[in-house]
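Here the structure comes first, spelled out in structure tokens, and everything after it is commentary.
The values are calculated or read from the model by the stated rules, or taken from the named source; none is laboratory data. Being a predicted model, the structure only gives us computed values, none of them experimental. Here Cβ is always computed from backbone atoms with ideal geometry, including for glycine, and neighbour counts include all displayed protein chains. Areas reflect the complete protein model, heavy atoms only, side chains present, ligands, DNA and RNA absent. Shrake-Rupley method; radii C 1.70, N 1.55, O 1.52, S 1.80 Å.
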Amino acid sequence: MPFHHCHRDPLPQPGLTPERLQAQKQLGAACAVCCVFMAGEVVGGYLAHSLAIMTDAAHLLADVGSMIGSLFSLWLSTRPATRTMTFGWHRSETLGALASVVSLWMVTGILLYLAFIRLLHSDYHIEGGAMLLTASIAVCANLLMAFVLHQAGPPHSHGSRGAEYAPLDEGPGEPLPLGNTSVRAAFVHVLGDLLQSLGVLAASVLIYFKPQYKAADPISTFLFSICALGSTAPTLRDVLRVLMEGSPRSVGFEPVRDTLLSVPGVRATHELHLWSLTLTYHVASAHLAIDSTADPEAVLAEAASQLHSRFGFSSCTLQVERYQPEMAQCLRCREPPQA
């Protein structure tokens with residue numbers, strides 16, 4: 001693959017990539033749907049005196065806030081790198097996903113408390129008809145938002161195969177099901193709301209036909225809020241792994257090390273570091289100790305090519321140095337232990 005001295009990828013074009021442009025359209029459409037139906041749920045929940053409906057509306061409010069934050073992070077990520085932010089603003093996408101998850105956890109905690117209070121005191125009345133109508137509309141709204149967010153983005157290429165790698169909890173080589181981290185977090189967020197909306201719908205049917213079972217309202221709030229918390233746990237785990245500079249789950253330390261050692265002329269490697277800026281933007285750096293007869297430029301080019309083609313790293317920084325026998329006993333040149 002031809003490239004200009006150290007740069008394998010073409011000069012990035014200004015603005016959003018096709019992947020992120022698709023993500024922006026998905027988030028914008030879902031946010032508009034969310035605002036309309038959130039307003040309807042607030043009115044419906046007030047008329048029905050239903051805490052479960054208001055809980056669903058509050059979750060939609062959290063969705064709106066997280067999607068707006070994600071849209072802002074997508075815009076921010078297009079800003080070029082500076083002397084202070086040398087990697088650019090890619091990680092703003094990950095921070096947007098973290099804010100989405102944290103906001104849901106905070107709102108859900110408050111609503112769990114309110115549901116517990118309602119279970120202790122029975123001095124409330126539920127309008128079954130209004131609750132059933134509102135819950136039915138809420139299910140339709142969440143299905144529509146899930147459909148919008150789950151549409152696959154357009155094919156694209158960045159000169160490396162980083163975008164082909166799966167999310168951190170999936171194996172390598174499988175296509176990423178969602179455009180980027182923000183869309184993924186929003187989709188999981190909506191799935192949690194959909195589960196709760198289905199629970200609220202079931203509770204509204206029960207209350208409509210059996211008003212004496214009005215306790216189903218806070219019980220459904222309690223049960224499905226817990227489900228919403230559990231559904232965001234994988235996204236939170238992946239986001240924290242990125243923020244803690246952990247190696248990508250789809251790229252193992254040993255395969256990368258063995259690939260570098262297989263390059264002709266390389267005797268040893270050390271200071272090998274693997275991390276991610278986002279779930280799909282992987283970075284690697286390493287020191288390569290080579291034979292005295294090896295061509296440093298050829299080794300550097302072959303090693304970088306292997307990392308790009310086999311593992312999809314978006315950025316690689318390799319330092320080539322002459323092999324010295326004392327490197328085998330150097331404590332700083334030893335590999336890190338297993339976690």
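Would you check if there is a residue in region 153-175 being modelled with pLDDT of 60 or more and farther than 18 Å from THR221 by Cα? No; the residues of region 153-175 include none that is modelled with pLDDT of 60 or more and farther than 18 Å from THR221 by Cα. With respect to the conditions (1) among the small types (Gly, Ala, Ser); (2) farther than 21 Å from VAL239 by Cβ; (3) surrounded by fewer than 24 Cβ atoms within 10 Å (Cβ to Cβ), ALA52 lacks only one, and its number is (3).
Among residues of region 70-95 being more than 20 Å from ARG241 (Cα to Cα) and modelled with pLDDT of 80 or more, the one that is nearest to the chain's Cα centre (by Cα) is LEU71. Restricting attention to region 288-300, the residues that are surrounded by 17 or more Cβ atoms within 10 Å (Cβ to Cβ) and within 29 Å of PHE87 (Cα to Cα) total 5.
Every condition in (1) in contact (Cβ under 8 Å) with a residue 60 or more places away in the chain; (2) open to solvent by 20 Å² or more (accessible area, probe 1.4 Å) holds for ALA228 except the one numbered (2). When PHE147 is tested against (1) of a type outside the set (A, V, I, L, M); (2) over 20 Å from the mean Cα position of the chain (by Cα); (3) over 16 Å from LEU61 (Cα atoms); (4) modelled with pLDDT of 80 or more, only condition (2) is not met. Sort through PHE313, PHE253, PHE209 and tell me the only one that's among the aromatic types (Phe, Trp, Tyr), more than 30 Å from LEU104 (Cα to Cα) and open to solvent by less than 30 Å² (accessible area, probe 1.4 Å). Selected residue: PHE313, the only one of PHE313, PHE253, PHE209 that is among the aromatic types (Phe, Trp, Tyr), more than 30 Å from LEU104 (Cα to Cα) and open to solvent by less than 30 Å² (accessible area, probe 1.4 Å). Consider region 55-79 and keep the residues that are among the β-branched types (Val, Ile, Thr) and either outside any helix (DSSP H, G or I) or open to solvent by 20 Å² or more (accessible area, probe 1.4 Å) (or both). The one that is nearest to GLU93 (Cα to Cα) is THR78. Looking across region 310-339, just one residue is among the small types (Gly, Ala, Ser) and over 24 Å from the mean Cα position of the chain (by Cα), and that is ALA328.
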